[in-house]
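First comes the structure, then the notes that go with it.
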Amino acid sequence: MIEVSQLTRVFRTYKKRPGFWGGVRGLFKRDFEETAAAKDISFTIAEGEFVGFLGPNGAGKTTTLKMLAGLIYPTSGTARVAGYDPTKRENAYRRLFALVLGQKNQLWWDLPAIESFHLLRAIYSIPAAEFKATLDELVTLLDVEKKLNVMVRELSLGERMKMELIAALLHRPRVLFLDEPTIGLDVVSQKNVRQFLREYNRKHRVTILLTSHYMADIKELCERVIVIHKGSKIYDGALDRLEAGSGSRKKIITFLPGDGAFPETWRSHLGESKRDAETGKFIVRVPAENLIAVSQEILSTGPVADITIEDIPLEDVIAELFQSR
Ligand SMILES: Nc1ncnc2c1ncn2[C@@H]1O[C@H](COP(=O)(O)OP(=O)(O)OP(=O)(O)O)[C@@H](O)[C@H]1O
Ligand SMILES: [Mg+2]
C-alpha cells in the first residue's frame, strides 16, 4: 500500500550572521545551512498494517508524513501510496488518504464541528446517505453526539481531537497518516482515541502510519515500528523484537535511607548501576537470570528502605537505541 524508496528531503535555511555588518554582508553573500530532515528512507507497508513511526524530536517524522501526503516535495527518492505519486496531488489520491496533525487545528475554529463536516461533505462530494452512515458510526464510536453543535474553539482538547479524527475519516480514506493524534490529551482521552483507532483499523482494514511520543499508544496499537533518527531509518521490524533485547533484563530500583551512599561492597557485584539524580534511587539493570541473586545481595548487605523490580520500559529501550547511534 505504501512504498517509499530512498526518500530524502533537504531544507535550506538562510543563516544570518550576527550584528549589523553581518546583515549587510548577508545582502551580498548568503550563507545557507542545509538540514537533511529525511535521508534515504525506504520502507513498504502492506494494506491494513498499523505501523508506529518513532523518533526523537526533529528526527524527520512529520517531514516524511508530509511528503507522503504530498504537502512537501522530496529532494530525491520516491513514494507511492496505493499506486499514486503523492507529488502529483491528484484528486483521486486526495480521496484516498487523510493526514491528521495533532499539533495543528484543521477544523474551522468559529464553527460548530457539524458545520465543518457538512463543508467536507461538499468538498469530497460524499453522497448524503453515505455521509450520514459514516458520521453516525464515527460519532457513536467517539461518543461526541452532544458536542457536535458546539463551536470548535469551545471544545476541550480531547473533544477537538475526536472531531479532527471524524473530519479526517468522513471521506473513508484507505490510508491514514496520524501525526501525534494523542498529544496533550489526558490518560482517559488517550485511551479512548487509542481504542477508537484500534477498532477502526480492524473493522475497515485501513493502513495506518502513526507517530506518537507516548509509548502506550505504540505498544497498544502497533506490532511493527519504524524508527528514525536524524533523518535516517535505524530500525524497522517487530516491536517485540526491539523489546526482546531488553526484555531479558530487569530493572531493580532501590531506595537507601539517610544520605543513601552507594555501599562500596555493591559496586563490584552490580556492574551497570546508577543513581537517579531526581529521586536519589539506585537503578540496577541485570540480566533476568541474575535477578534473584542480585536482589538477595542488595537486601542482605545494604541498608535498603525500599526495593522494586520492573521490566525495562519501552521508552528506555528506544532511548538506548538512539544513544547507541
Ligand atoms: N520548513 C522547514 N524549514 C527548515 N527546516 C525544517 C522545516 N521543517 C522541518 N525542518 C527541520 O527538519 C528536521 C525534522 O523535522 P520534523 O518536523 O520532521 O521532525 P519530527 O520527527 O516530526 O519531530 P517532532 O517529534 O519534534 O515532531 C528538524 O531539524 C527541523 O528543524
Ligand atoms: Mg513532528
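The values are calculated or read from the model by the stated rules, or taken from the named source; none is laboratory data. Predicted model, so just to flag it, every value in this text is computed and none were measured. So basically every Cβ, Gly included, is an ideal-geometry build from the backbone, and we count neighbours across all protein chains shown. All accessible areas refer to the heavy atoms of the entire protein, side chains included, with ligands and DNA or RNA removed. Shrake-Rupley method; radii C 1.70, N 1.55, O 1.52, S 1.80 Å.
Taken across region 184-198, residues that are touching a residue at least 40 places away in the same chain (Cβ under 8 Å), within 16 Å of ligand 1 (Cβ to nearest atom) and within 12 Å of the chain's Cα centre (by Cα) do not occur at all. May I ask you to verify whether Leu107 is within 16 Å of ligand 2 (Cβ to nearest atom) and either surrounded by 14 or more Cβ atoms within 10 Å (Cβ to Cβ) or of a type in the set (Gly, Ala, Ser) (or both)? Here the answer is no, as Leu107 does not meet what is asked.
Asn57 fulfils the conditions (1) assigned by TED's automatic domain parsing to the domain that holds His213; (2) surrounded by 13 or more Cβ atoms within 10 Å (Cβ to Cβ) except for a single criterion, (2).
Here's the yes/no breakdown for (1) within 16 Å of ligand 2 (Cβ to nearest atom); (2) among the aromatic types (Phe, Trp, Tyr); (3) at positive phi:
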{"position": "Ile45", "(1), (2), (3)": "no, no, no"}
{"position": "Gly52", "(1), (2), (3)": "yes, no, no"}
{"position": "Asn57", "(1), (2), (3)": "yes, no, no"}
{"position": "Thr63", "(1), (2), (3)": "yes, no, no"}
{"position": "Asp85", "(1), (2), (3)": "no, no, no"}
{"position": "Tyr93", "(1), (2), (3)": "no, yes, no"}
{"position": "Val100", "(1), (2), (3)": "yes, no, no"}
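Ser212 passes every criterion in (1) closer than 24 Å to Asp316 by Cα; (2) free of Cβ contacts under 8 Å to residues at least 12 places away in the same chain apart from (2). Look at (1) within 16 Å of ligand 2 (Cβ to nearest atom); (2) out of contact with any helix residue (DSSP H, G or I) (no Cβ under 6 Å at 6 or more places or on another chain) and you find that Leu165 fails only one, number (1). Determine if region 38-49 includes at least one residue that is more than 23 Å from the chain's Cα centre (by Cα), touching a residue at least 60 places away in the same chain (Cβ under 8 Å) and in a strand (DSSP E or B). No, region 38-49 has no match at all.
Residue-by-condition table, conditions (1) among the hydroxyl-bearing types (Ser, Thr, Tyr); (2) within 16 Å of ligand 1 (Cβ to nearest atom):
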residue	(1), (2)
Leu27	no, no
Asp31	no, yes
Ala38	no, yes
Ser42	yes, no
Ile45	no, no
Gly48	no, no
Phe53	no, yes
Lys61	no, yes
Leu65	no, yes
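Restricting attention to region 138-179, the residues being in contact with a Gly (Cβ under 9 Å, 6 or more places away or on another chain) and crowded, with 20+ Cβ neighbours inside 10 Å number 4.
Selection within region 294-316: residues that are open to solvent by 60 Å² or more (accessible area, probe 1.4 Å) and either in contact with a His (Cβ under 7 Å, 6 or more places away or on another chain) or of a type in the set (A, V, I, L, M) (or both). The member of this set that is modelled with the highest pLDDT is Ile309.
Do you know which of the residues in region 65-83 that are open to solvent by 50 Å² or more (accessible area, probe 1.4 Å) and out of contact with any Asp or Glu (no Cβ under 6 Å at 6 or more places or on another chain) is nearest to ligand 2 (Cβ to nearest atom)? The qualifying residue nearest to ligand 2 (Cβ to nearest atom) is Lys66. Of the residues making up region 271-287, at least one is in contact with a Phe, Trp or Tyr (Cβ under 6 Å, 6 or more places away or on another chain), outside any strand (DSSP E or B) and either surrounded by 17 or more Cβ atoms within 10 Å (Cβ to Cβ) or modelled with pLDDT of 70 or more (or both).
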